[in-house]
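Engineer: Would you mind keeping the following structure in view while I ask a few things?
Each value in this text was obtained by applying a stated rule to the coordinates, not by laboratory testing. Bear in mind that the values here come from a model prediction, so they are computed numbers and not experimental data. Here Cβ is always computed from backbone atoms with ideal geometry, including for glycine, and neighbour counts include all displayed protein chains.
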Amino acid sequence: MGVVKDRFKAKADASNVEIKDLIKEHGNKKIGEVTLAQAYQGMRGITGLVTETSLLDAQEGIRFRGYSIPELQEKLPKAPDGGEPLPEGLFFLMLLGELPTEDDVNHITNTWQRRSHVPNYVFATIDALPISAHPMTMFVTAVMALQTESNFAKEYAKGISKKDYWSSIYDDTMDLIARLPRIAAYIYRRKYKNNEHIQPNGLLDWAGNLAHMMGYEDESFKELMRLYMTIHADHEGGNVSAHTTHLVGSALSDPFLSYAAGMNGLAGPLHGLANQEVIKWIFEMQEELGTDDPTKEQIADYVQKTLAAGKVVPGYGHAVLRKTDPRFTAQMEFGKKHMPDDKLVNTVWKIYETVPPILQSLGKVKNPWPNVDAHSGALLVHFGLVEYEFYTVLFAVSRSLGVLASLCWDRALGFPLERPKSVTTESVKLWLEGKGQIWD
Ligand code: CMX
């Protein structure tokens, strides 16, 4: 077994013992009260999942194994001459709960380089889709085509023991993460760059190689990719992409099937697709106003128009967060450092000053502050990546790190099939009339 794999097994064995004791002693204690409103309204606030890789605080934002984004930027190893964390290090941290050394990170980079070969039939599958297909459709289709490579599916068919599931899940995780940059770059070059592809560079890190294969050699863009891949990787377990991956994995669907399912959820406009919606919305605003440098007053009018049309302001609001997303702030800091005078980036900052009071005034929006998607597109446009339909693919590549590290834990801890109880409105009405709980 590899070094990281051995360490993961040791951690998982210890956690199994600890959690068994915890459930034995405290399993009957209530950790939440489920209300009728929660059942009807998206299960907000119901604590009903265990996800080891990260934890979201409504006021403070995300912490990955206890570390905030600024702490990760300080403590995780960086590329030579780079200032942003290498996402390989974040994966190590999420999987093992320990900060990696430079050697640990190099080991992950090398492992992913070694496992990065994408079979030709996957490219042929992408090519079979019309060029007009959305990049996320191409992406999940390619991941599904790659499913034929699943070690777990093969091992399961042979009849392995439950206690060995984690091992081939781990191998699938490493294979899949390793191959995603190649798949993403292929889709980008096929759809937007005349089908002219760029071979991987075996000396580059995971995010740097993605930038290279997409055709972006600027060192600042590689730095942006390292930051981007780090901050989008995980947001605890209840968000649509993480929860779906976990749910589908609980049926013992392999990591390819589970991750593809999760990414279909990421492709929704209330979740990961919001990054393309933000730039589309800003471009439409610029066109309507006839300026690439709108004033705050012009922005405010446009926001009101968006709301009056019954649409949401993309990039604002969150189901859990109640303050400015630290992932927004990290990107703002990147913008201040690398492109302080960029007009589009400055527009994003003006929108930040304009939108929250307007959303607050509606009286129903629980979080008027920006989320991660409010900023990411403007940074990409600065480097020439204007093809906004592609943005969610970048989010998806990053999200693989968190949801697949979590899937390793799900199988290592032997989490069972996920199957919450549902009720009908008819049964709820009978219960409210005092005629008993017919679901008991
Ligand atoms: N613009 C306009 N209205 C908004 C809004 C926004 N940005 N955010 C919330 N609201 C509205 C909701 O649509 C809802 O209206 P109705 O009662 O009329 O249906 C009301 O305010 C209450 O919603 P909420 O409890 O504050 O928010 P939810 O937890 O239901 O939804 C989210 C959260 C993210 C879906 C929502 O804020 C939204 O639609 N934001 C815009 C899309 C977006 O940026 N999504 C990306 C989220 C981050 C990510 O996953 O990548």
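Engineer: Using only helices, what value at 222 nm comes out for the chain when you add -39,500 (n - 2.57) per DSSP H run of length 4 or more and divide by the total residues, to the nearest 500 deg cm²/dmol?
Structural biologist: So the helix-based figure for the chain works out to -19000 deg cm²/dmol.
Engineer: For the pair residue 251 and residue 46, how long in nm is the line joining their label points, each one 7 Å along Cα→Cβ?
Structural biologist: About 1.9 nm separates the two model spin labels.
Engineer: State, as an integer percentage, the relative contact order of region 274-382 based on alpha-carbon contacts under 8 Å between residues 6 or more apart.
Structural biologist: Rounded, it is 42 percent for region 274-382.
Engineer: Here's something else I'd like to know. Once you've got the GNM for the chain with C-alpha springs shorter than 10 Å, pick whichever of 185, 37, 412 has the biggest mean-square fluctuation.
Structural biologist: Checking each option, the largest mean-square fluctuation is seen for 37.
Engineer: Please identify, among 195, 367, 110, the residue showing maximal mean-square fluctuation in a Gaussian network model of the chain using a 10 angstrom Cα cutoff.
Structural biologist: Maximum fluctuation in the GNM of the chain, among the listed residues, is at 195.
Engineer: Averaging over every viewing direction, what projected area does the convex hull of the Cα atoms of region 94-203 cover, in nm²?
Structural biologist: Directional mean of the projected Cα hull area for region 94-203 stands at 8.7 nm².
Engineer: Do the alpha carbons of any pairs in 154/193; 9/154; 311/337; 280/337; 30/429 sit beyond 28 Å of each other, and which pairs?
Structural biologist: With Cα atoms farther than 28 Å apart: 154/193; 311/337.
Engineer: Continuing with the same structure: Cut-off 10 angstrom, C-alpha nodes, Gaussian network model of the chain. Which of 385, 22, 210 fluctuates the most?
Structural biologist: 22
Engineer: Now for a separate question. Which order do the peptides 287-294, 310-317, 323-330, 395-402 take when ranked by the mean count of other beta-carbon atoms within 10 Å per residue, highest first?
Structural biologist: Sorting 287-294, 310-317, 323-330, 395-402 by mean packing, highest first, produces 395-402, 323-330, 310-317, 287-294.
Engineer: Please rank 192, 228, 121, fewest neighbouring Cβ atoms within 10 Å first, as an exposure proxy.
Structural biologist: 121, 192, 228
Engineer: I need to check one value: relative contact order of region 302-440, counting alpha carbon pairs closer than 8 Å and at least 6 residues apart, in percent.
Structural biologist: Once divided by the residue count of region 302-440, the mean separation gives 25 percent.
Engineer: Under a point spin-label approximation (7 Å from Cα along Cα-to-Cβ), what is the residue 217-residue 60 distance to one decimal in nm?
Structural biologist: Label-label distance for residue 217 and residue 60, simple model: 4.4 nm.
Engineer: Okay, next question. Less than 16 Å apart at the alpha-carbon level, and either on another chain or at least 8 residues along: which aspartates and glutamates does that give for residue 435?
Structural biologist: Reachable aspartates and glutamates: 426.
Engineer: Go through region 22-82 and name the GluC sites (Glu not before Pro) that are in a DSSP coil and have 14 or fewer other Cβ atoms within 10 Å of their Cβ.
Structural biologist: Passing both the DSSP loop test and the Cβ count: 33, 60.
Engineer: Would you tally the net charge around residue 284, using a Cβ to Cβ cut-off of less than 13 Å, leaving residue 284 out, and scoring K and R as +1, D and E as -1?
Structural biologist: -1
Engineer: Run the numbers on region 210-367 and let me know its relative contact order in percent, using alpha-carbon pairs under 8 Å that are six or more apart.
Structural biologist: That works out to 18 percent.
Engineer: Also: What distance in nm separates the simple spin-label points at residue 115 and residue 24, each placed 7 Å from Cα in the Cβ direction?
Structural biologist: So the two model labels end up 3.4 nm from each other.
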